[in-house]
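The values are calculated or read from the model by the stated rules, or taken from the named source; none is laboratory data. Here the structure is a predicted model, which means the values were calculated and not measured. Neighbour counts are summed over all protein chains in view; Cβ atoms, including those assigned to glycine, are modelled from backbone coordinates with ideal geometry. Surface accessibility is based on the protein's heavy atoms, side chains included, excluding ligands, DNA and RNA. Shrake-Rupley method; radii C 1.70, N 1.55, O 1.52, S 1.80 Å.
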Amino acid sequence: VQLQASGGGLVQAGESLRLSCAASESIFGIHTWGWHRQAPGKQRELVASITELGSVVYADSVKGRFTISRDNIKNTVYLQMNSLKPEDTAVYYCNLEKFTPRARNYWGQGTQVTVSS
């Protein structure tokens, strides 16, 4: 499975962006999509995740501002980011963790999000 992330860019604080991550094939079985980010000098952190059943998890720092969603027909997961802050500046990576039929972990190439104050 190949993941293609897109949608990053440069915005001002308070503005919005939507990231997309498209898989190269249909995804079946037990799996979790995730968006992670890594700011300069910091460790990569989980921003949001969504399971095949639609259960979602958000980092405390983005709750109420970011929304993760998925389109199973398009094999795509989205991250809607509203009310962006300068501290959201990072490279954002999409991730697909499959548990069945075999455990596999896939990463997209990363997309830069820069929020100016």
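For the stretch 23-101, averaging the sequence separation of C-alpha pairs within contact (under 8 Å, six or more residues apart) and dividing by the residue count gives a relative contact order of 39 percent. Please report the spacing between the Cα centers of the stretch 64-102 and the stretch 17-48 in Å, no decimals. Taking the Cα centre of each part, the stretch 64-102 and the stretch 17-48 sit 5 Å apart. Only beta bridges with both residues in the chain are counted; by DSSP, about 90 percent of them are antiparallel. Against the empirical 2.2 N^0.38 Å (N residues), the chain has a Cα radius of gyration ratio of 1.02. In the context of the full set of protein chains, the chain has a per residue accessible area of 54 Å² (1.4 Å probe). Toward the positive end of the charge dipole of the chain, with +1 on the Cβ of Lys and Arg and -1 on the Cβ of Asp and Glu, the farthest Cα among ALA90, GLN12, THR100 is that of THR100. A simple spin-label model places the labels of GLN80 and ARG44 2.7 nm from each other, with each point 7 Å out along Cα-to-Cβ.
For LYS74, a cut-off of 19 angstrom between C-alpha atoms picks up these aspartates and glutamates, skipping any fewer than 8 places away in its own chain: GLU25, GLU52, GLU97.
Computed over the Cα atoms of the stretch 31-86, pair by distinct pair, the Kirkwood hydrodynamic radius stands at 12.0 angstrom. Available extension along the chain between ASN72 and LEU10 is 19.5 nm, counting 0.36 nm per residue and deducting the alpha carbon span.
Of the accessible area of the stretch 48-117, computed with a 1.4 Å probe over protein heavy atoms only, carbon and sulfur atoms account for 51 percent.
Less than 18 Å apart at the alpha-carbon level, and either on another chain or at least 8 residues along: which lysines does that give for LYS42? Once the sequence-local lysines are set aside, what remains near LYS42 is LYS85.
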